[in-house]
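Enquirer: This is the structure I want to talk about, given as structure tokens.
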Amino acid sequence: MNYRHAYHAGNFADVFKHVVLARIVEYLKRKEQAFRVIDTHAGIGRYDLEGTEAGKTAEWKQGIARLLDAASAGAIPPDAGALLAPYLEVIRAENPDGALKTYPGSPLVARSLMRKQDRLSAIELHPDDARTLSAPFAGDHQVRVIHLDGWLALGAHLPPKEKRGLVLVDPPFEKAGEFDRLVDGLVKGHKRFPGGTYALWYPVKDRQEVKRFASRLHETGIPKILRLELAIRAASPEPRLDGSGMIVVNPPYTLEDEMKLLLPCLTELLAEAKGASFTIEWVRREHVAT
Ligand code: SAM
């Protein structure tokens, strides 16, 4: 387990992922009934952008820093700005003196947006990271930090007792086979909790592999699978993180239209070279007749 998210915290992929996460959580809040967020690969929760790891790559400067600058300059169209507001509020609350020094990971984004009846299960396998992740949630009865293999949680922790919620699966993609594990994990989780919303993160490095992933998802027969992608440049000749995607199963009915507003704006803001683009596409929209 060599992957350290601290090198990448706040980069374009985090911004895109956490914007989608925030939109889903905001939708879940429309009903009074409690929900649970299960974050199967939670990371350490809070990232120091002035720390050694973030300093080595400075990826956050092309990610969250650009978005915050655009928001402060009034350069975001009002309809997109309104949709980004809950996420940006979380970032600002983490940086109360105004200078961007800290970036909240997915468990903190989810927790900050939750109401008092909602719950978070934050799962992390790396023992040091699981320990670090416990600190911001000490004494918080709405959050359980669990040191566990997140793939197992897709069996053991589903369905949640609230019977509503979001499962975020954000693996590090440090070993081969992660796309297949995502499909198999989704099938396993969906059998136990078919009504849940699932958000699966994936890298766009090899576009053929992404195509195969989408066909495998289609073949599962699981209905209502939305694919969202943001590429910061055209495909590179060598494998490189040119973009990232989110597969959302059982998306809020509002999400597709929200992404039609947000993705053009985020793509323009986060582009690093010519050929930046976005995708909003149904892998499978409806139930399969049996
Ligand atoms: N979700 C986090 C966020 O958005 O802030 C970032 C997570 S990072 C991409 C992936 C994390 O998964 C790392 O912290 C890594 O230690 C952890 N991890 C790797 N394999 C795991 C597994 N099988 N189960 C749970 N966590 C795992």
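Just so you know, all these numbers are worked out from the coordinates, no wet-lab data involved. Note that this is a predicted model, so its numbers are computed, not measured. Here Cβ is always computed from backbone atoms with ideal geometry, including for glycine, and neighbour counts include all displayed protein chains.
Enquirer: Which listed residue (264, 51, 134) has the Cα farthest towards the positive end of the charge dipole for the chain, taking +1 on Lys and Arg C-beta and -1 on Asp and Glu C-beta about the Cα centre?
Expert: Farthest towards the positive end: 134.
Enquirer: Taking the mean number of other Cβ atoms within 10 Å as a proxy for protection, how do you rank 145-155, 87-97, 160-170 from highest to lowest?
Expert: Values: 145-155: 18.5, 87-97: 15.1, 160-170: 20.5.
Listed from highest to lowest mean packing, they are 160-170, 145-155, 87-97.
Enquirer: Under the rule of -39500 (n - 2.57) per DSSP H run of 4 or more residues, summed and divided by the residues of the chain, what mean residue ellipticity at 222 nm is obtained, to the nearest 500 deg cm²/dmol?
Expert: -12500 deg cm²/dmol
Enquirer: Counting Lys and Arg as +1 and Asp and Glu as -1, each charge on the Cβ, what is the dipole of the chain about the Cα centre in debye, to the nearest 20?
Expert: 860 debye
Enquirer: Gaussian network model of the chain, Cα springs within a sub-10 Å range: biggest mean-square fluctuation belongs to which of 231, 156, 176?
Expert: 176
Enquirer: Ok, one more. Limiting things to C-alpha atoms, what are the Rg and the maximum Cα-Cα separation (Dmax) for the chain, in angstroms?
Expert: Using the Cα atoms of the chain, the pair Rg, Dmax is 17.7, 57 Å.
Enquirer: Which order do the peptides 182-193, 105-116 come out in when sorted by mean C-beta neighbours inside 10 angstrom, highest first?
Expert: 105-116, 182-193
Enquirer: Evaluate 2.2 N^0.38 Å with N set to the residue count of segment 1-46, then give the Cα radius of gyration divided by it.
Expert: Details: Rg = 13.2 Å, N = 46, 2.2 N^0.38 = 9.4 Å.
So segment 1-46 has a normalised radius of gyration of 1.40.
Enquirer: Which one, 25, 275, 100, is farthest towards the positive end of the dipole of the chain when Lys and Arg carry +1 and Asp and Glu -1 on their Cβ?
Expert: The listed residue farthest towards the positive side: 25.
Enquirer: A further question follows. Among 194, 232, 214, flag the residue with its Cα farthest along the positive direction of the charge dipole of segment 177-243, charges on Cβ as +1 for Lys/Arg and -1 for Asp/Glu.
Expert: 194
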